[in-house]
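Just so it is clear, none of the values below were taken in a lab; they were calculated from the coordinates. Bear in mind the structure is a predicted one, so any value in this text is a computation, not a measurement. Cβ atoms come from the backbone with ideal geometry, glycine included; neighbour counts cover every protein chain shown.
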Amino acid sequence: MTRLFRTYRVLAFLVGILLLVGTASVLLTGSIESVTLYHVSEDATAYKIGHPLELVWVAHGWVFIIYVIVAFILTQRAKWSIPQFLLMLVSGLIPVTIFFVEHFVAKRLRAQYPELAAA
C-alpha cells in the first residue's frame, strides 16, 4: 500500500502541475484555439507560446490516464465508495482542485492505514 500511496501522490502532483501550466498557457494566449494552433499564423505570439505547450496537454492526458488507474486501484484497496473515486477523477480536470483533493486523500489514508504516516 505504501508504494501505491506514493505513486498516487506523485501522479497527483504531476497532473496538477501540467494542468496549471496548460491552463496558464490558455489564459496567456487568450484562447484554446491559439494553444492548439488552429488558425494561428506562425509569426503570432500565440503560436510561439502555444506550439511548445501543445506537448503539455499531451503529457497531461497520458499522466492523467495513469493517475485514474492508480486512483481506482487505491480506492478499491481502501474500500472507498465510487463517489470518492469520482471526486479524485474530476479533481484532475479542474485546475488547483487536485492539490486539495490529494491532501484530503492523503490525510484520510494515513488515518485509515497508520503505516503510511511516514510516507
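Worth a mention:
- Cβ crowding within 10 Å, taken as a proxy for footprinting-reagent exposure, orders His60, His103 from fewest neighbours to most as His103, His60.
- Linear extension gain, Leu86 paired with Leu116, 0.36 nm per residue minus alpha-carbon span: 8.5 nm
- Put in line by how crowded their Cβ is, counting other Cβ atoms within 10 Å and starting with the fewest, Thr97, Thr2 read Thr2, Thr97.
- Taking Tyr113, Tyr8, Tyr67 and counting other C-beta atoms within 10 Å, the order from fewest to most: Tyr113, Tyr8, Tyr67
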